[in-house]
Every structure is written in C-alpha cells, then in structure tokens.
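What follows is a short report on a single structure.
The values are calculated or read from the model by the stated rules, or taken from the named source; none is laboratory data. Just so you know, these numbers come straight off a predicted model, no measurement behind them. All Cβ positions, even for glycine, are placed from backbone atoms using ideal geometry, and neighbour counts span all protein chains on display.
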Amino acid sequence: MEKETVSRNFIEQIIDKDIAEGKCETVCTRFPPEPNGYLHIGHAKSILLNYGLAKQYGGKFNLRFDDTNPTKEKTEFVESIKADVAWLGADWEDRLFFASDYFEQMYEAAVLLIKKGKAFVCDLSADEIRAYRGTLTEPGRESPWRDRSVEENLRLFEEMRAGRYADGEKVLRAKIDMASPNMNMRDPVIYRVAHMSHHNTGDKWCVYPMYDFAHPIEDAIEGVTHSICTLEFEDHRPLYDWVVREVGYEKPPKQIEFAKLYLTNVVTGKRYIKKLVEEGIVDGWDDPRLVSIAALKRRGFTPESIQRFVELCGISKSQSSVDYAMLEYCIREDLKLKRARMMAVLDPVKLVIDNYPEGQVEYLDADNNLENPELGTRKVPFGRELYIEREDFMEEPPRKYFRLFPGNEVRLMNAYFVKCVGFEKDADGNVTVIHCTYNPETKCGTGFEGRKVKGTIHWVAASTAIKAQVRLYENIIDEEKGVYNEDGSLNLNPNSLTVLEECYLEPALAGAKAYDSFQFVRQGYFCVDARDSRPDAPVFNRIVSLKSSFKLPKA
C-alpha cells in the first residue's frame with residue numbers, strides 16, 4: 001500500500017531540510033510577545049504555529065516576553081498573555097523567559113561590538129539620525145561621531161549605563177553600512193538612554209537595547225533554532241543575522257517569515273482598542289465585541305474553535321484577509337455536537353393555557369441534542385402559564401406565517417398542541433397575554449397521529465423560569481462603511497450591543513458557571529459571562545447566531 005502524501009507548508013519544508021543537512025538536531029521555537037497590551041486573534045496564529053511545530057518535531061516551545069521597552073509595559077499585560085497562551089493549549093512547561101533576564105548579556109554583547117569596532121556612541125538627535133539615514137534611492141551620510149576610538153566609545157557607553165546622560169542625549173549604534181540598500185542596515189541604533197522603571201528589573205537600568213538588537217540575542221541564548229515571525233520583519237532579517245554572527249554565536253537561529261492573519265472589519269490595533277477602553281465605548285480589553293483572545297474567551301469561543309480557524313487559514317507568504325464569518329463557522333462547528341440545546345425566551349410575552357389545570361406542573365422529556373444522542377435527555381417543567389417569544393404571535397399575520405395567531409394551532413416544543421383563542425392588550429395596544437387551549441392527546445412522545453400542524457415554537461414555564469440578562473453582540477465596526485474614516489477614526493456601529501434585561505430561561509440553566517455555553521433553540525449559542533454573571537442574576541453573552549452565510553471552500 002502506498003504511503004499517503006502529506007502536504008507540507010513552506011516552514012515545515014525549511015525545517016525538514018535543516019534537520020536533513022544536520023543544521024539542527026532538535027527544534028526549538030518561541031512566542032515572543034511584548035507585554036504592552038492584550039493579545040488578539042492574529043497572535044493566536046503565531047502561538048499555535050510555533051507551539052504546533054515544536055510539538056510536531058518533538059522539540060521545545062518557549063514563552064518569552066520581549067520586555068525591552070519599559071515605557072509601555074505592565075505586569076497586567078504579562079499575566080493576561082500567560083493566561084491566553086495557556087488557554088489556547090500552548091504549554092511552555094518550565095520555559096518562561098523574559099528578555100530583561102538577559103540585559104547583562106546584551107550589554108556585554110554591545111561592549112564586544114564596540115571592542116571589535118562594530119559599534120559607536122552617537123550624539124546625533126533622533127531627528128538628525130533620520131535626516132542622515134538617506135532615502136530608498138539615496139545613500140545615507142555617516143555620523144560625525146562614527147570614527148570615535150574604541151576607548152572613547154567604551155567610556156561613553158559605560159557613562160550611559162551609569163546615568164550620566166539624559167534621555168536621547170546619546171545612543172549606541174551598530175557600525176554597518178550607510179550606503180546599504182536595506183535601510184535597517186544603515187548604522188541602526190542598538191541602545192538608547194531611558195530613565196524609566198522597568199516592570200521586571202526596577203531601576204537597575206537606564207539604558208535599554210532596541211528590539212532588533214535584543215531579539216536575535218534572546219533567541220540565540222535560549223537555543224531557538226527557528227525564529228518564526230511575520231512578514232514585516234523580512235527586511236530586518238539581514239540585521240538579525242548580522243547581530244548573531246558578530247556577537248559570535250556558534251549555532252545561530254534561523255529567522256523565517258510568514259503572512260499575518262488579517263480579519264475583515266475588525267479592530268486589532270492596540271492604540272485603537274486602548275482608546276475604546278479609555279472612552280468607555282467597550283468595558284475593557286476583554287469586551288466580547290473585540291477580537292482579543294481574552295474577549296473571544298469571554299464571549300464563549302473555545303480553544304478548539306480557534307485552533308480550527310488557524311488551520312483553515314493556513315500558513316503562507318502571501319498577505320490576505322479572512323472573513324470574520326469563517327471564525328463564526330468554526331465556533332458553530334465546534335459547539336453543535338457538544339452543547340445541550342436549551343429553551344430560552346429573550347423577548348417574552350405570557351401565554352396562558354385556559355383549560356390546563358391551575359397549579360399543576362408536569363415534567364416533560366426533552367433531548368439535550370438531537371444530533372448527538374450521547375448527551376442524553378432532561379426533564380422540563382410545564383404548566384398553565386408560559387412565556388413565548390413575542391415574534392411567535394401575530395394578531396394579523398402575513399401569508400405563510402405558521403406560528404400563533406387567533407384560531408391557529410401550533411406545537412409547543414416537547415409538549416402539546418395549543419390553539420389561540422384570544423389575547424389581551426394594554427392601553428398602548430401592546431399584546432400582554434395570549435390565551436390558548438391545549439389538547440391533552442397531543443403530548444409529544446405519545447405517538448399522536450392525528451392532524452398535523454405547521455409551526456413549532458419554544459417556551460418556558462413561568463412558575464419555574466430563571467430571569468436573566470442576555471447580551472446580543474454585533475460587529476463593533478459598521479461593516480457597510482469599513483473600519484476607518486478618512487480622518488483615521490473608527491467607523492463604529494451604534495447597535496453593536498443590545499442588552500435584554502428580562503429574559504426567561506428553563507430552570508436547568510440555574511447552575512451554569514462562568515464560560516459554560518449552550519445552544520438556545522432557534523436563537524444561537526450563548527455563554528455565561530465570566531465577569532458580570534452572578535448565581536442570583538445570570539448574564540449570558542451571545543457567542544454567535546445559528547445562521548451562517550459562510551461556506552467552507554471545497555478541497
């Protein structure tokens with residue numbers, strides 16, 4: 001029997017070649033976030049890719065915080081990132097690292113470059129450095145401080161570390177090539193002065209390495225074999241390679257770039273999310289309308305659904321956008337066989353069965369999931385007074401309306417046929433009570449084979465119903481107008497959140513805990529809100545509606 005051919009993405013092909021040629025024996029990858037905000041769905045692709053490769057090749061996966069910029073970093077973000085990576089299922093075991101743990105080694109590496117004549121202290125301001133850099137078509141100009149002696153550079157760099165200079169007064173630059181066609185190689189800044197307290201090292205340092213210098217050193221120290229990053233770092237790869245080569249690492253890591261994950265009509269930019277949070281438009285970085293990992297978790301998405309989504313997106317070098325509907329497809333597919341289908345009435349109106357005995361409660365059998373019998377059945381209380389959806393009754397219905405209206409008969413799900421015999425209105429003309437009669441012979445499951453009815457509606461018994469708040473989420477962006485206005489501001493959807501304060505749920509939902517999710521029949525999938533829900537006042541978030549316009553592409 002022939003072996004099945006397994007299609008390998010371009011990163012796997014590179015790793016296979018490196019192993020075959022003896023360039024590495026084992027594989028070590030890492031996820032290196034900067035702790036300056038919460039992670040979003042795009043980061044999930046990088047996390048799962050790096051972890052998946054390490055697992056696939058029997059290697060190691062590191063979680064490392066690139067905390068070289070104390071101006072924006074917080075312990076809050078460190079903890080949120082650790083929680084998100086763990087929730088997605090990426091296990092870093094005992095390999096939790098911080099770039100700041102290597103500050104001494106980075107400083108020594110910079111000293112080594114100075115001694116080799118490969119780095120110099122520069123007095124130009126940031127604006128002057130930009131002006132000297134040149135353009136894509138014109139070479140840059142060398143700094144007037146480029147030819148300082150090794151001894152002077154060592155003294156000045158030591159004085160920078162000692163706090164002798166103000167922020168921006170001096171920088172350390174690599175000495176490479178001001179005529180390079182790659183702008184990143186034109187004597188880039190590798191250290192700057194910053195008199196700021198660091199979340200991990202406190203006030204020990206007042207000089208901090210730049211990302212392009214720190215990152216390759218971190219990878220090399222940890223024994224990372226394949227440094228997998230997104231395409232915007234492709235032009236930085238020559239500098240990455242230059243650093244590990246000049247610092248003298250024997251087994252330098254290999255940088256490989258892949259295309260970012262872009263979702264249509266969503267907000268992922270940290271500065272935009274920060275603004276939404278600060279202005280109170282959303283209730284935090286985990287607001288369920290956002291696509292931060294914390295927000296997706298709070299809304300009710302599962303790690304498995306995000307893993308499936310990342311698989312469907314694939315790995316490539318080509319930039320492209322993915323429709324948000326594909327993410328919704330993945331959560332529907334994940335939940336449809338796993339979750340019980342419960343009855344919940346979100347816009348209630350009372351229905352009274354006039355000929356049903358007052359005070360009587362009977363318990364009817366209901367399947368938890370018709371598509372998955374293994375989830376079993378439950379007992380649902382039924383009584384004389386029920387709640388049904390307001391849209392399931394019309395006084396004057398249009399053609400082909402098969403739900404309740406005067407004189408019409410429908411089946412109450414898992415229960416009986418009921419016929420509308422009247423209704424009551426308030427002073428404003430709103431229907432307040434619907435009156436029906438029922439036929440005891442039509443009980444569901446008894447094999448009744450009489451007349452047929454075209455409509456089936458769900459309900460909740462009033463005497464045992466749980467009152468809950470339900471939140472219906474839509475895209476926070478107005479999809480018809482796109483994400484951004486001409487001035488760069490966001491096109492916000494004013495109807496992105498609808499709060500329903502008086503919803504009624506069947507009593508089986510009483511013990512639901514944070515993140516528990518269910519299908520509400522005919523409504524969608526819902527999750528217990530982890531922040532605001534309480535046992536005496538439950539809150540449910542709509543994860544996704546039942547209907548989807550997304551079609552999985554044919555293989």
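Annotations for the structure displayed:
- Residue tally, condition under 13 Å from Val453 (Cβ atoms) and among the polar types (S, T, N, Q), over the stretch 391-436: 1
- Scanning the stretch 427-463 for residues that are in contact with a helix residue (DSSP H, G or I) (Cβ under 6 Å, 6 or more places away or on another chain) and either surrounded by fewer than 18 Cβ atoms within 10 Å (Cβ to Cβ) or modelled with pLDDT under 90 (or both) returns a single hit, Phe448.
- Among (1) farther than 17 Å from Met342 by Cα; (2) in the same structural domain as Arg522 (by TED's automatic domain parsing) - the single one Val431 does not satisfy: (2)
- Selection within the stretch 277-309 - assigned to a helix (DSSP H, G or I), among the aliphatic types (A, V, I, L, M) and surrounded by 21 or more Cβ atoms within 10 Å (Cβ to Cβ): Ile293, Ala294, Ala295, Leu296, Ile306
- In summary, Phe103 fulfils each of the numbered conditions (1) over 42 Å from the mean Cα position of the chain (by Cα); (2) buried (at least 19 other Cβ atoms within 10 Å of the Cβ); (3) not basic (Lys, Arg) with the single exception of condition (1).
- Of the residues contained in the stretch 17-25, one or more are found to be in contact (Cβ under 8 Å) with a residue 40 or more places away in the chain and closer than 24 Å to Gly314 by Cβ.
- Contacts under 6 angstrom Cβ, first residue in the stretch 145-162 being closer than 22 Å to His195 by Cβ, partner basic (Lys, Arg), 6 or more apart: Met160/Lys170
- Within the stretch 423-465, being in contact with a His (Cβ under 9 Å, 6 or more places away or on another chain) and either in contact (Cβ under 8 Å) with a residue 24 or more places away in the chain or assigned to a loop (DSSP other than H, G, I, E, B) (or both) holds for one residue alone: Phe423.
- When Asn36, Asn50 are screened for being of a type in the set (S, T, N, Q), within 25 Å of Lys297 (Cα to Cα) and surrounded by 22 or more Cβ atoms within 10 Å (Cβ to Cβ), only Asn50 passes.
- Unmet requirement for Val6, which otherwise passes all of (1) in contact with a Phe, Trp or Tyr (Cβ under 9 Å, 6 or more places away or on another chain); (2) modelled with pLDDT under 95; (3) aliphatic (A, V, I, L, M): (1)
- So Phe77, is it part of a helix (DSSP H, G or I) and among the aromatic types (Phe, Trp, Tyr): yes
- So Glu371, is it touching a residue at least 24 places away in the same chain (Cβ under 8 Å), under 36 Å from the mean Cα position of the chain (by Cα) and loosely packed, with under 14 Cβ neighbours inside 10 Å: yes
- Per the listing Leu124, Leu112, Leu156, Leu136, the residue uniquely in the same structural domain as Arg173 (by TED's automatic domain parsing), more than 18 Å from Lys170 (Cβ to Cβ) and touching a strand residue (DSSP E or B) at 6+ places or on another chain (Cβ under 9 Å) is Leu112.
- Count of residues meeting criterion [in a helix (DSSP H, G or I) and farther than 16 Å from Tyr191 by Cα] in the stretch 131-158: 5
- Boolean, Lys275 is within 13 Å of Ile476 (Cβ to Cβ) and of a type outside the set (Val, Ile, Thr): yes
- Hits in the stretch 375-394 - residues which are surrounded by fewer than 22 Cβ atoms within 10 Å (Cβ to Cβ) and part of a strand (DSSP E or B): Thr377, Arg378, Lys379, Pro381, Glu385, Glu389
- Lone unmet requirement of (1) surrounded by fewer than 16 Cβ atoms within 10 Å (Cβ to Cβ); (2) in contact with a Cys (Cβ under 6 Å, 6 or more places away or on another chain); (3) among the basic types (Lys, Arg) for Lys60: (1)
- A search for C-beta distances below 9 Å between a residue of the stretch 74-89 that is over 12 Å from Lys297 (Cα atoms) and assigned by TED's automatic domain parsing to the domain that holds Ser305 and any residue that is surrounded by 20 or more Cβ atoms within 10 Å (Cβ to Cβ) and acidic (Asp, Glu), counting only pairs 6+ apart in sequence or on different chains, returns nothing.
- Within the stretch 200-247, the residues that satisfy the criterion of being part of a loop (DSSP other than H, G, I, E, B) and among the polar types (S, T, N, Q) are Asn200, Thr201, Thr225.
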